[in-house]
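Working notes, structure below.
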Amino acid sequence: MSFATKLKSEGKGLSRISDAEWTVLKAVWQLKIPTAREVVEQLKDESQWKPKTIHTLLSRLVQKGALTTEKPGREYVFKPLVTERECRQSASRSFLEKVFDGEIAPFLACFLERKKLTRKEIDELKSILEGRTP
């Protein structure tokens, strides 16, 4: 069973992962299978969090099913149970459903009202859309 399926079947969702938890999860993805100490070290310049705060965030991610933990030696090691891509897709779907009733065109229109795209970005979007056209 995939992480997304597991969360859906348990009535949970990645949208329930807080911004702080996302920061910690990104550090875990970057470090692959880190110890808690390695995550703390990774985040020391990025945040003003104390080690205990990071430990709490790691524990929450384990409870939510985003990470698993083992203690092969003296320290706990954390392993992601979901990829960054899966998390992004789930969070994107949740946002789109919540804010735009699942409709992508109004989302893009809203987004583009405030942001001027470069020629490269336009070409990339065209390529993506053309690849999706039936």
| field | Unmet requirement for Leu25, which otherwise passes all of (1) at negative phi; (2) more than 17 Å from the chain's Cα centre (by Cα) | value | (2)
| Candidate set from the range 67-109 (those that are in contact (Cβ under 8 Å) with a residue 24 or more places away in the chain and in contact with a Phe, Trp or Tyr (Cβ under 7 Å, 6 or more places away or on another chain)); member that is nearest to Leu57 (Cα to Cα) | Leu67
| Residue that is nearest to Arg16 (Cα to Cα), among those in the range 27-83 that are among the polar types (S, T, N, Q) and in contact with a strand residue (DSSP E or B) (Cβ under 6 Å, 6 or more places away or on another chain) | Thr68
| Can you name the number of the only condition in (1) at pLDDT below 95; (2) surrounded by 14 or more Cβ atoms within 10 Å (Cβ to Cβ) that Pro34 fails? | (1)
| task | Select from the range 17-28 the residues that are over 17 Å from Val77 (Cβ atoms) and in a helix (DSSP H, G or I) and list them in ascending order. | result | Asp19, Ala20, Glu21, Trp22, Thr23, Lys26
| query | If a residue has to be in contact (Cβ under 8 Å) with a residue 24 or more places away in the chain and outside any loop (DSSP other than H, G, I, E, B) to count, how many in the range 29-52 make the cut? | reply | 5
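The values are calculated or read from the model by the stated rules, or taken from the named source; none is laboratory data. No experiment lies behind these values; they were computed from the predicted model shown. Reconstructed Cβ throughout: ideal geometry from the backbone, glycine too, with neighbour counts over all protein chains shown.
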